[in-house]
1. Of the residues 90, 94, only one is within 22 Å of residue 27 (Cα to Cα), touching a helix residue (DSSP H, G or I) at 6+ places or on another chain (Cβ under 6 Å), part of a loop (DSSP other than H, G, I, E, B) and modelled with pLDDT under 95; which?
2. Within the range 30-50, is even one residue part of a helix (DSSP H, G or I), at pLDDT 90 or above and assigned by TED's automatic domain parsing to the domain that holds residue 343?
3. Applying the selection to the range 300-325, what residues are in contact with a strand residue (DSSP E or B) (Cβ under 6 Å, 6 or more places away or on another chain) and either more than 21 Å from residue 216 (Cα to Cα) or assigned to a loop (DSSP other than H, G, I, E, B) (or both)?
4. Does residue 213 fit the bill of being modelled with pLDDT of 95 or more, in the same structural domain as residue 252 (by TED's automatic domain parsing), touching a helix residue (DSSP H, G or I) at 6+ places or on another chain (Cβ under 6 Å) and surrounded by 14 or more Cβ atoms within 10 Å (Cβ to Cβ)?
5. Within the range 62-87, count every residue that is touching a strand residue (DSSP E or B) at 6+ places or on another chain (Cβ under 6 Å) and either outside the structural domain of residue 350 (by TED's automatic domain parsing) or under 17 Å from residue 126 (Cβ atoms) (or both).
6. Among the numbered conditions (1) touching a helix residue (DSSP H, G or I) at 6+ places or on another chain (Cβ under 8 Å); (2) under 16 Å from residue 87 (Cβ atoms); (3) modelled with pLDDT under 95, tell me where residue 16 comes up short.
7. Filter the range 281-293 for residues that are crowded, with 24+ Cβ neighbours inside 10 Å and in contact with a helix residue (DSSP H, G or I) (Cβ under 6 Å, 6 or more places away or on another chain) and give the result.
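The values are calculated or read from the model by the stated rules, or taken from the named source; none is laboratory data. As the structure is a prediction and not an experimental result, all values here were calculated from the model. Here the Cβ positions follow ideal geometry from the backbone for every residue, glycine too, while neighbour counts run over all protein chains shown.
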């Protein structure tokens, strides 16, 4: 079987959740290949350094409309048995069997967080994927439920496949944490938020809860890591901006807890990454977070400040609570595997693809 795979998100710099998923699933599909040909397409001039050895690349630099024009043109010419799009956007007017990963439909849950044009594009593309793809992969049961609820996709067309956790996320050594603390000038005790400053991430609630906890005696700081954060976030708040991936395990490991107050998440890589690094997690009850965090995190209503204030104070002062969450998190996060995700994805691709002799 010839598998054509949109690798364009996997080669972007400074990857976020969707790009991390694309890179990891490509890497592990290659490792667990069942004798198929993997052909990767990207809008770049050269393969990335992490490229698996057993894949083919089609490098198609193109200034704009790459997905809907250049990528589609190549697919029509080469006629693969199945197309895999790991990041939501299938080329328009493509008459080939396709599997698309849907990470979330957050625009449906928090429409106010999106500009009207962005909301319309997301809705149009999601509706198009839901109608045209042979199979859909949902990264959580919550996303699968949304596809059925909002787009009336039959359960038979949806495969729920949880993502894995990058192998680089592990408990850091004392020296590694000390180096990262010195590099960024981190306080001795801090809570961590990792991610963009997007409206659906609900940072105003976290900042309000943190300041309320500070007024009642909390001495720990709050570190915001990721793009787009305002430098004047308040007393005790430190803004780092983008942090290279190699520094993240020590950044996680040195924190009292990861905080994730999102109004909606389709998966939540940060939850599992923190757990793998030996860090407690405080997350919201929205979207997929209860599903992904299981019983291994503290959960709080993302619309109410007082529960978050109370949780921050507990995590700062109750060492047995943190240790319990760390132990639960290590056991729980071990169940999320990229090898398993790749194996399940191969099964979906094989059932969706046409036999090679059916090409025309």
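1. Numbers: 94 fails: within 22 Å of residue 27 (Cα to Cα).
When all the criteria are applied, what remains is 90.
2. Checked the range 30-50: at least one residue is part of a helix (DSSP H, G or I), at pLDDT 90 or above and assigned by TED's automatic domain parsing to the domain that holds residue 343.
3. Initially, the range 300-325 is screened for residues in contact with a strand residue (DSSP E or B) (Cβ under 6 Å, 6 or more places away or on another chain), giving 302, 307-308, 311, 315, 322, 325.
Across the range 300-325, the qualifying residues are 302, 325.
4. Numbers: modelled with pLDDT of 95 or more: yes; in the same structural domain as residue 252 (by TED's automatic domain parsing): yes; touching a helix residue (DSSP H, G or I) at 6+ places or on another chain (Cβ under 6 Å): yes; surrounded by 14 or more Cβ atoms within 10 Å (Cβ to Cβ): yes.
Criteria met by residue 213.
5. Going through the range 62-87 one residue at a time, the tally reaches 2.
6. For residue 16, the exception is condition (1).
7. If the condition is that a residue be crowded, with 24+ Cβ neighbours inside 10 Å and in contact with a helix residue (DSSP H, G or I) (Cβ under 6 Å, 6 or more places away or on another chain), then 281, 282, 283, 287, 288, 292, 293 are the ones that fit.
So that you can scan it fast, the table gives a plain yes or no per residue for (1) over 20 Å from residue 220 (Cβ atoms); (2) free of Cβ contacts under 8 Å to residues at least 12 places away in the same chain; (3) in the same structural domain as residue 224 (by TED's automatic domain parsing); (4) part of a helix (DSSP H, G or I):
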residue	(1), (2), (3), (4)
243	no, no, yes, no
264	yes, no, yes, no
270	no, no, yes, yes
292	yes, no, yes, yes
